[in-house]
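Heads up, the thing below is written out as C-alpha cells.
The values are calculated or read from the model by the stated rules, or taken from the named source; none is laboratory data. Remember, it's a predicted structure, so these values are computed and weren't measured experimentally. Neighbour counts run over all protein chains shown; Cβ positions are idealised from the backbone, glycine included. Ligands, DNA and RNA are stripped out before the accessible areas are found, and what is left, the full protein with its side chains, is counted by its heavy atoms. Shrake-Rupley method; radii C 1.70, N 1.55, O 1.52, S 1.80 Å.
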Amino acid sequence: LSHSINWQAIDTVLLDMDGTILDLGFDNFFWLEHLPQTYADKNNLSLQQSKQHLADSYATVEGTLAWYCLDFWSDKLNIDIVKLKHDVQHKIQFRPYAVDFLSFLVEQNKRIILATNAHPKALEIKHQKTKFDQYFCQLNSSHTLGYPKEDQQYWHLLQQEYDFDKERTLFVDDSIKILQSAQTFGIKHLRAIAQPDMRRDKINTSPFIAIDDYREVITCD
Ligand SMILES: [Mg+2]
C-alpha cells in the first residue's frame, strides 16, 4: 500500500497542530465568523463590511509570522484576541482518531514534536483545552524561532534545536505550501491531511499523499 507508512524507517514525527491533530473548524469559525462579528459590532459595520475588511487585512500578511501573531491582531483591530478565543474555546477539538494516532506513536517510542505556526498564546489555549501536551516530547511554536514554516530558515533552526535526522523524520501538515517548504529542506517522509476542517470538503493535497483517516496509518508491520 503506497498510503501506509514504514514506521521502521522513522524516529521523529513532526506534527502540525491546527488542521492536523486539531480540527481546523475552530480556527475557521474564529477568524471567518466570530472575529468578523465582534469587529462589526465594535465598529458599527455590517457583517459583510467587517468580513471584507478582515479578509483584506489577512491577505496583506498571509504566510508571515504576523498572520499567526495574536498580539499583532489585538493591536491592529483593538480587540483582545486571547480573551475572545477563550470565550469560544469549547469549540476546540481533536480531529477524528488523532488521539489514537498520538497514543500509537507514543507506544512505538517515536520522538513526537509539535511544530506549529500558531502563536504561543494560541498554543497554550489549545493544549489547556485538549491536554495534547502529554503525548509530545516538545511543543514548538515557530514564533520562538523567528520564522514561519514557509521559510527555509525555520527548518534550519528547528533542526539545530532538536537535532533530528531528515531521512528518518515524518512531517504531517495540512498546508501544501508548508509541506513543499519541508520537502525543499529535505524532510523525507511527508503526509498531508485530506480534510483539515471536518465541516468542509476534502482539499486537493497533490502532489502529497494525504491521510484520510488516522486509522489507516496505525499499523505495525
Ligand atoms: Mg495547519
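Using +1 at the Cβ of each Lys and Arg and -1 at the Cβ of each Asp and Glu in the chain, identify which of S175, W73, F208 lies farthest towards the dipole's positive end.
Farthest towards the positive end: W73.
Among S206, S181, S142, whose mean-square fluctuation peaks in a Gaussian network model of the chain (Cα, cutoff 10 Å)?
Of S206, S181, S142, the Gaussian network model singles out S206 as fluctuating most.
Taking K and R as +1 and D and E as -1, what net charge do the other residues with C-beta under 11 Å from the C-beta of I218 add up to?
Numbers: positive: R215; negative: D100, E107, D213, E216.
Surrounding charge for I218 is -3.
Can you give me the solvent accessible area of F136 with a 1.4 Å probe, rounded to the nearest 10 Å²?
Per-residue accessible area (F136): approximately 20 Å².
Count the net charge of all other residues whose Cβ sits under 14 Å from the Cβ of N78, scoring Lys and Arg as +1 and Asp and Glu as -1. Let's see the in-between values first.
Working: positive: K42, K76, K83; negative: D41, D71, D75, D80.
Here the count lands on -1.
Just how large is the dipole of the chain about the Cα centre, in debye to the nearest 20, putting +1 at every Lys and Arg Cβ and -1 at every Asp and Glu Cβ? Each step should come with its number before you reach the end.
Numbers: 23 positive and 31 negative charges, 49 e Å.
The calculated dipole for the chain is roughly 240 debye.
On the protein heavy atoms, probe 1.4 angstrom, tell me the percent of accessible surface of the stretch 25-80 carried by carbon and sulfur. Can you show the working numbers first?
On the way: 1430 of 2940 Å².
Percent of accessible area from carbon and sulfur atoms in the stretch 25-80: 49.
Regarding the chain, what's the average projected area of the Cα-atom convex hull, expressed in nm²? If you can, show how the numbers build up before the last one.
Working: hull surface 47.3 nm².
Value for the chain: 11.8 nm².
Carbon-plus-sulfur fraction of the accessible area of the stretch 180-221, 1.4 Å probe, in percent? Kindly include the intermediate steps, with their values, before the conclusion.
Details: 1060 of 2340 Å².
Carbon and sulfur together cover 45 percent of it.
May I have the count of lysine pairs in the stretch 1-97 with C-alpha atoms under 18 Å apart, counting pairs 8 or more residues apart or located on different chains?
Working: K42/K51; K42/K76; K42/K83; K42/K85; K51/K76; K51/K85; K76/K85; K83/K91.
Lysine pairs satisfying the spacing and distance rule in the stretch 1-97 number 8.
Determine the per residue accessible area of the stretch 1-97 with all protein chains present and a 1.4 angstrom probe, expressed in square angstrom. Mind dumping the intermediate values first?
Details: 4700 Å² over 97 residues.
It amounts to 48 Å² per residue over the stretch 1-97.
Sort V172, V82 by accessible area with a 1.4 Å probe, largest first.
Values: V172 0, V82 35 Å².
Heavy-atom accessible area, descending, gives V82, V172.
Cross-link candidates for K110: which aspartates and glutamates have Cα within less than 19 Å, leaving aside residues fewer than 8 places away along the same chain?
Within reach: D11, D16, D100, D133, E161, D163, D165, E167, D173, E216, D221.
Under a Cβ-Cβ cut-off of 9 Å, what is the net charge of the residues other than N117 that fall near it, where Lys and Arg count +1 and Asp and Glu count -1?
Values: positive: K149; negative: D16, D18, E150.
Net of charged neighbours comes to -2.
GNM, the chain, Cα, under 10 Å: largest mean-square fluctuation among F132, F72, F171?
F72
Rounded, prolate or oblate: which one fits the stretch 107-217, using the alpha carbon gyration tensor with axes a ≥ b ≥ c (rounded when a/c is under 1.5, else prolate when a/b beats b/c, else oblate)? Walk me through the intermediate numbers first.
Values: a/c = 1.31, a/b = 1.09, b/c = 1.21.
Since a/c stays below 1.5, the shape of the stretch 107-217 is classed as rounded.
Calculated from DSSP H runs of 4 or more alone, at -39500 (n - 2.57) each and per residue, what is the 222 nm mean residue ellipticity of the chain, nearest 500? All intermediate terms of the calculation are to be shown ahead of the outcome.
On the way: 9 runs with 86 residues, N = 221.
Rounded to the nearest 500, it is -11000 deg cm²/dmol.
Quick check for you: with a 1.4 Å probe and neighbouring chains kept, what is the accessible area per residue of the stretch 177-221, in Å²?
Details: 2480 Å² over 45 residues.
Accessible surface, normalised per residue, equals 55 Å².
Could you order peptides 93-105, 50-62 by the average number of other Cβ atoms within 10 Å of their residues, highest first? Provide the component values of the computation, followed by the final result.
Values: 93-105: 18.0, 50-62: 13.6.
Going from most to least packed, we get 93-105, 50-62.
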